[in-house]
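Written below as structure tokens is the structure these notes are about.
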Amino acid sequence: MKKLILLSIGLLLVACQKPAEPPPPPRPALVVIAGESAANNAMVLVGEVKSRYESNQSFRIGGKIIERKVEVGSQVKKGQLLARLDATDTNLSAQAASADVRAAEASYGLAQAEVERQRTLFNKKFISASALDMREAELKTSAARLQQVKAQAAVSGNQSRYTALIADRDGVVTQIHAEPGQVVEVGAMIAQIVDTKQIEVLVAVPESKMAHLKVGDKVAIKLWADRAKTYLGHVREVSPAADSATRAFDVRVTISDADEAVKLGMTAGVRFAQDEVNEIIIPSTALTQINGKNTVWVIDKNNIANPREVATGQFSEAGVVIKSGLQANEMVAIAGVHTLIQNQKVKPQLAETK
């Protein structure tokens with residue numbers, strides 16, 4: 001009887017126990033492979049086609065323009081006349097300066113002759129030494145005066161020549177800011193000449209992309225007007241300081257094989273093939289803070305999520321550089337990292353890369 005009662009109680013207890021709950025299904029997790037995009041480290045920026053040499057031509061004196069020999073688009077050679085000023089006043093000044101030179105030469109000659117006569121008289125004891133010294137001082141004054149007026153005459157002669165504006169290089173005229181009859185000031189731009197044989201692209205590079213950029217780097221260039229053709233080039237100049245307004249660095253890229261299709265002022269895309277570096281880049285959304293330390297969630301081969309402390313480097317549009325704590329080809333969660341828990345089973349879903 002006791003056995004029967006005990007058996008009944010055991011069966012009753014077994015019937016009262018709740019069935020064990022099944023484990024939760026693995027949580028979906030958006031992931032990336034660390035370092036997967038490091039090989040695609042090329043940078044493409046937009047710039048403007050310019051000439052290496054853009055020379056603003058201006059008169060060295062002011063005056064009234066009486067003649068202009070070129071138009072926008074004119075091909076010019078070094079030494080060619082571009083424009084001319086009215087030279088009436090400068091010619092008169094040059095004539096006056098020449099007259100001053102002749103007068104000073106006459107005074108100097110007279111002073112020389114007077115000194116010779118005074119020396120003869122002094123040797124014969126007819127005059128005192130002080131009288132001779134006075135004449136010699138007059139001679140030195142005349143010599144200095146002659147040098148002065150000759151220098152002034154040279155300046156006046158130069159002023160006369162400055163009425164002709166001469167091209168200082170071969171090129172094409174791209175701008176003109178003067179017309180016959182216009183009175184211009186000293187240094188005012190009359191025309192701009194650009195050298196069409198040395199064409200380059202001016203690009204503004206953000207400071208986050210300057211770390212591995214250097215003079216001599218090879219680039220590929222495509223015009224927006226004709227994106228089918230690729231031109232070759234290299235970095236010729238990197239500005240040592242960022243622009244105060246844009247905080248970007250001006251970089252000039254020489255086009256090695258420019259042809260007639262490359263026009264000044266065109267828009268061009270420049271692809272910088274930067275050197276590969278041993279850096280791991282992950283999306284910035286993968287980074288979180290645990291106990292004040294930079295942490296990422298690493299998914300192992302068994303799809304188990306665990307946090308790992310990492311050392312970070314530079315942030316950029318591509319993501320954040322991981323200096324240490326993460327190996328290439330490891331799987332890292334990039335979404336919902338604040339809700340993950342240690343040793344959590346996940347179902348990885350690989351994010352699409354651009």
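The values are calculated or read from the model by the stated rules, or taken from the named source; none is laboratory data. In this text, all values refer to a predicted model and were calculated from it rather than measured experimentally. Please note: Cβ atoms are built from the backbone with ideal geometry, for glycine as well, and neighbour counts cover all protein chains shown. Side chains are part of the model used for accessible areas, which takes the heavy atoms of the whole protein and leaves out ligands, DNA and RNA. Shrake-Rupley method; radii C 1.70, N 1.55, O 1.52, S 1.80 Å.
See the values below:
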item	result
Test: residue in the stretch 84-91 that is open to solvent by 50 Å² or more (accessible area, probe 1.4 Å), within 30 Å of LEU350 (Cα to Cα), in a loop (DSSP other than H, G, I, E, B) and in contact with a strand residue (DSSP E or B) (Cβ under 7 Å, 6 or more places away or on another chain)	no
From the options GLY62, GLY79, GLY47, residue that is modelled with pLDDT of 90 or more and on the phi > 0 side of the Ramachandran plot	GLY79
Test for THR267: is it surrounded by 14 or more Cβ atoms within 10 Å (Cβ to Cβ) and either touching a residue at least 24 places away in the same chain (Cβ under 8 Å) or out of contact with any Lys or Arg (no Cβ under 7 Å at 6 or more places or on another chain) (or both)	no
Some residue of the stretch 245-264 being part of a helix (DSSP H, G or I), open to solvent by 60 Å² or more (accessible area, probe 1.4 Å) and either basic (Lys, Arg) or modelled with pLDDT under 90 (or both)	no
Single residue of the stretch 313-336 satisfying the filter (part of a loop (DSSP other than H, G, I, E, B) and touching a Leu at 6+ places or on another chain (Cβ under 8 Å)) that is nearest to ALA42 (Cα to Cα)	ILE334
Residues (open to solvent by 20 Å² or more (accessible area, probe 1.4 Å), more than 27 Å from ALA94 (Cβ to Cβ) and out of contact with any Gly (no Cβ under 7 Å at 6 or more places or on another chain)) located in the stretch 188-199	GLN192, LYS197, GLN198
Out of LEU81, LEU85, LEU92, LEU45, sole residue that is free of Cβ contacts under 8 Å to residues at least 12 places away in the same chain and hydrophobic (A, V, I, L, M, F, W, C)	LEU92
Yes/no for LYS301 being among the basic types (Lys, Arg) and in contact (Cβ under 8 Å) with a residue 12 or more places away in the chain	no
Counted residues, the stretch 270-312 - those being in a helix (DSSP H, G or I) and open to solvent by 50 Å² or more (accessible area, probe 1.4 Å)	2
Residue list for the stretch 207-225, filter: in a strand (DSSP E or B), farther than 18 Å from ARG236 by Cβ and open to solvent by less than 70 Å² (accessible area, probe 1.4 Å)	LEU223
Where a residue in the stretch 170-187 is closer than 11 Å to LYS64 by Cβ and its partner, wherever it lies, is assigned to a strand (DSSP E or B) and open to solvent by 70 Å² or more (accessible area, probe 1.4 Å), with Cβ under 9 Å and at least six apart	PRO180/LYS64; PRO180/ILE66; GLY181/LYS64; GLY181/ILE66; GLN182/LYS64; VAL183/LYS64; VAL184/LYS64
Residues satisfying the stated conditions in the stretch 135-187, i.e. under 17 Å from SER107 (Cα atoms), hydroxyl-bearing (Ser, Thr, Tyr) and either open to solvent by less than 50 Å² (accessible area, probe 1.4 Å) or not in a helix (DSSP H, G or I) (or both)	SER142
Qualifying residue in the stretch 328-349 (condition: of a type outside the set (A, V, I, L, M), at pLDDT 90 or above and open to solvent by 80 Å² or more (accessible area, probe 1.4 Å))	no
